[in-house]
Amino acid sequence: MASKQTLVKALTNSQPEEFILKIKNNESYYQHIPSLKQEGFYMGSRAGTTPYYSNNATDTIIKMSRSLGYISQPQLDWQLTNKTKMIGDYKCYRASIKEKLYSRQGYYYYKDVIAWFTPEIPLNFGPKNYKGLPGLILQIEDNEYTLTATKINLNPSEEFKIERPKKNAKVITKQESFDRIKEMEDDRQKSFSAKNR
């Protein structure tokens, strides 16, 4: 019961998370901005905190995972619609996909993801691995979280750099990452069973 109350308290007191998407030439870098305001039990972000790098010149999207390393992400096959809404001053169009994911319990599943992009900013980037639309993605919605652009700076005054994967680093496929997750979970289960004998 105490754990349940701690979890409810953490959810009730949770604050919006902050992320930044940097775009320069043909590259982008998306990352979580840790909050200094977090106090007590921190559950982590529902949107995840893993950074992503993408490069249009090489058609590359890489998830930069602390536990699994560099994971190549496939290009997404978006379904475009004529449905629109305003996000800030920008007219955005709706696109959707069914994203294939892998559960730690050992099965594949699909998640519905909706993107709102604006052709008024003709950059085909977006948060995480979500890109490839004819305009900048200003909002991502799925059943666990919503990411929304709250500030757009098209002409930054300060110089910045794009974080890239290390040179000659091994990059695995998304399927290989699923296989590694399964191995890690199997090892964890074996270790847990051995301790409880």
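The values are calculated or read from the model by the stated rules, or taken from the named source; none is laboratory data. Just so you know, these numbers come straight off a predicted model, no measurement behind them. Neighbour counts are summed over all protein chains in view; Cβ atoms, including those assigned to glycine, are modelled from backbone coordinates with ideal geometry. Calculation scope for accessible area: heavy atoms of the full protein, side chains included, ligands and nucleic acids excluded. Shrake-Rupley method; radii C 1.70, N 1.55, O 1.52, S 1.80 Å.
Remarks
- The aspartates and glutamates whose alpha-carbon is closer than 18 Å to the alpha-carbon of K170, local same-chain residues fewer than 8 away aside, are D59, D179.
- Ranked by the mean number of other Cβ atoms within 10 Å per residue, highest first, peptides 152-159, 171-178, 121-128 order as 121-128, 171-178, 152-159.
- Legend: distances between Cα atoms for K131/K174; K131/K161; K22/K98; K100/K128; pairs beyond 23 Å are K22/K98.
- The fraction of Cα-Cα pairs per 10 angstrom bin, counted from 0 for region 61-119, comes to 19, 36, 30, 15, 1 percent, rounded to whole percents.
- Cα-based reach from K190 at 23 Å (exclusive), listing lysines while leaving out same-chain residues under 8 positions away: K182
- Note on region 140-182: Cα convex hull, mean projected area over all directions, 6.1 nm².
- In summary, region 106-197 shows an alpha-carbon radius of gyration equal to 1.59 times the 2.2 N^0.38 Å reference for compact globular proteins.
- Exposure of R164 as accessible area (Å², to 10), given a probe of 1.4 Å and all protein chains: 140
- Region 41-194 - accessible surface per residue (Å², probe 1.4 Å): 63
- Distance between modelled label sites at T148 and R188, nm, 7 Å Cα→Cβ extension: 3.3
- Computed from phi, the 3J(HN,Hα) profile of region 48-62 under the Karplus parametrisation 6.51, -1.76, 1.60 (θ = phi - 60°) reads x, 10, 6, x, 10, 10, 9, 9, 5, 5, 10, 6, 10, 10, 10 Hz, with x in place of Gly and Pro.
- Diffusion constant of region 36-161 at 10 °C, which comes from Stokes-Einstein with the Kirkwood Cα-pair radius and 1.306 mPa s, µm²/s: 98
- Accessible-area composition of region 18-159, carbon plus sulfur, in percent [1.4 Å probe]: 46
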